[in-house]
Amino acid sequence: MSMLHTAAVLGLLAAIGPFAVDMYLPAFPAIEKGLNTSVSSAQMTLTVYFIAFGIAQLFYGPYSDQVGRKQPLFLGLSIFAIGTIGCALSPSVEWLIVSRFVQGIGGAVVMVVPRAIIRDMYTGPQATRLMAMVMLVISVSPMLAPLAGSWLILIGDWRMIFWVLFVAAIISLVITGFMQPETLEKSHRVPVNMRNLIRGCRVLLTDPMFMGVTFIGGFGLASFFVFVANASFIYTGQFGLTAMEFSLAFAVNAIGFFATSQLAAGLGERYGMERVVFMAVLGFATFSLLLVALTLLGFGSLFITIGFLFLANACLGLVIPTTMVIALDHHGDIAGLASSLGGTLQMLAGGLMIVIMGPFFDGTTLPMVSAIAICACASTLLTWRNSPNAKPA
């Protein structure tokens, strides 16, 4: 199977996770009104998804190391479909929160297994290139999913979004069955037992490179989670955008990320992957701090906010795929566990950041961009401490 074909299949599978987030962002105000709930409760439907998405990865990684990559995909996508039906039928926000948790448990599989499949097939810059190609396919999510969600709200209501996601889950099951071959040979499979699990976790948790790059990427993802949790309220509330206009603004911020992600492999080959991460994280912090300063000085207009978030996310486009590859490069024998543990730590960092910053969010730009800047500074400190080879000579 060619790299292009692999990227298309893995990208389509992996996209269902972001779609479950991005498509219903424009519906936050409608959910708040339709279920007679609060902004914080509407945000909780997102937070529990991230938490479940993170925790469940601990299961799928070792499971895929034991039985291969396809069986976990079937299981996770089936759970996702069940949770999606629950979301569509939710009579209350509490029901929706529980259903989103179930949905997150199932959706976690598309974060873990595709990364393990990439590690089964490639390492180094080639793996970075395939990871970037997969992200290019996934990029349809933040660009098209909010627009699709806005359109569905116009012709129906927010529940239609989840029925469309259910159809997407069924399509993903078909793709898994007929288009994705098994990549983990039986001779390379590792039995799942407590001894192997503890040993593997010990190896990973005591590896400074693995932990360092995991949290460098983790704080980058956390900044995006903060943006996702608050963007719809800020863009429609503070700046007065319609749901459709918000979708377009959201897409602009995503374009920078996915455009630069396609440069990660080439830059990694030329300058070294650690140095690329260092310089990109430095850019991420610079643009984030400048946005905070401009907002404090009263220059945080809609276009300034979108522009600087575009630049910051463009830097993240180099950071995320590269750190994912670096984290897995030296752990091919436990790629599934490494993928799941790294993904869990990153998702929990993102969910925790939303919870910690939640009381400070007031529907205006400053708390959101400040939280993003905090994430950027944390990534910078970790990069400086854990990637000394990336520092300028």
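The helix-only estimate of mean residue ellipticity at 222 nm for the chain, built from DSSP H runs of length n ≥ 4 each weighted as -39500 (n - 2.57), is -27000 deg cm²/dmol after division by the residue total. Value of Rg to Rh for the range 113-186, rounded to two decimals, is 1.10; Kirkwood radius and Rg both from alpha-carbon coordinates. Taking every alpha-carbon pair under 8 Å whose residues sit at least 6 apart, the range 270-359 reaches a relative contact order of 30 percent.
Under the 0.36 nm per residue contour assumption, what length would be gained going from the current alpha-carbon distance of Leu290 and Met160 to full extension?
Between Leu290 and Met160, full extension yields an extra 42.8 nm.
If R0 is 30 Å, what FRET efficiency do you get for Met244 and Met3 from their C-beta distance, rounded to 0.05? Efficiency at R0 = 30 Å is approximately 0.25.
What's the carbon and sulfur percent of the chain's accessible surface, probe 1.4 angstrom, rounded to a whole number?
After summing per-atom areas, the C and S share lands at 72 percent.
Coordinate range of the alpha-carbon atoms in the range 247-303 per principal axis, descending: 42, 25, 9 Å.
On the full set of protein chains, 1.4 Å probe, figure out the accessible area of Trp158 and give it in Å² to the nearest 10. Its accessible surface works out to 20 Å², give or take rounding. Seen from Ile85, the other residues with C-beta closer than 14 Å to its C-beta sum to a net charge of +2, counting Lys and Arg as +1 and Asp and Glu as -1.
Annotation: per residue accessible area for the chain equals 39 Å², rounded to a whole number [probe 1.4 Å, protein chains only]. With distances taken between every two different alpha-carbon atoms, the chain has a Kirkwood hydrodynamic radius of 20.8 Å. A crude spin-label estimate for the pair Ile356 and Arg202, with each label 7 Å from Cα along the Cβ direction, gives 3.0 nm. In plain terms, the chain from Phe299 to Ser40 could stretch by 90.5 nm, reckoned as 0.36 nm per residue minus the Cα-Cα distance. A convex hull fitted around the alpha carbon atoms of the range 314-393 yields 116 Å³ per residue.
Put Leu10, Leu366, Leu4 in order of accessible area, largest first, 1.4 Å probe: what do you get? Intermediate results must be reported in sequence, preceding the final value.
On the way: Leu10 0, Leu366 60, Leu4 125 Å².
Output order, biggest surface exposure first: Leu4, Leu366, Leu10.
Placing pseudo-labels 7 Å out from each Cα toward the beta carbon at Trp151 and Leu381 gives an inter-label distance of 4.5 nm. Among 245-252, 23-30, sorting by the average number of other beta carbon atoms lying within 10 angstrom of each residue, highest first, gives 23-30, 245-252. Farthest towards the positive end of the charge dipole of the chain, among the residues Tyr60, Pro26, Ala285, is the Cα of Tyr60, using unit charges on the Cβ of Lys, Arg, Asp and Glu. Modelled spin-label separation between Met209 and Val167, with each label point placed 7 Å from Cα along the Cα-to-Cβ direction: 4.6 nm. Over the Cα atoms of the range 68-137, the radius of gyration divided by the Kirkwood radius equals 1.15; this is the Rg/Rh ratio. Note on the range 78-155 and the range 297-365: Cα centroid distance 16 Å, given to the nearest whole angstrom.
The values are calculated or read from the model by the stated rules, or taken from the named source; none is laboratory data. Worth saying up front: this structure is predicted, and the values here are computed from it rather than measured. Don't worry about glycine lacking a Cβ; one is built from the backbone with ideal geometry, like all the others, and counts go over all protein chains shown. The protein model used for the area step is the full one, side chains on, heavy atoms only, and it has no ligands, DNA or RNA in it. Shrake-Rupley method; radii C 1.70, N 1.55, O 1.52, S 1.80 Å.
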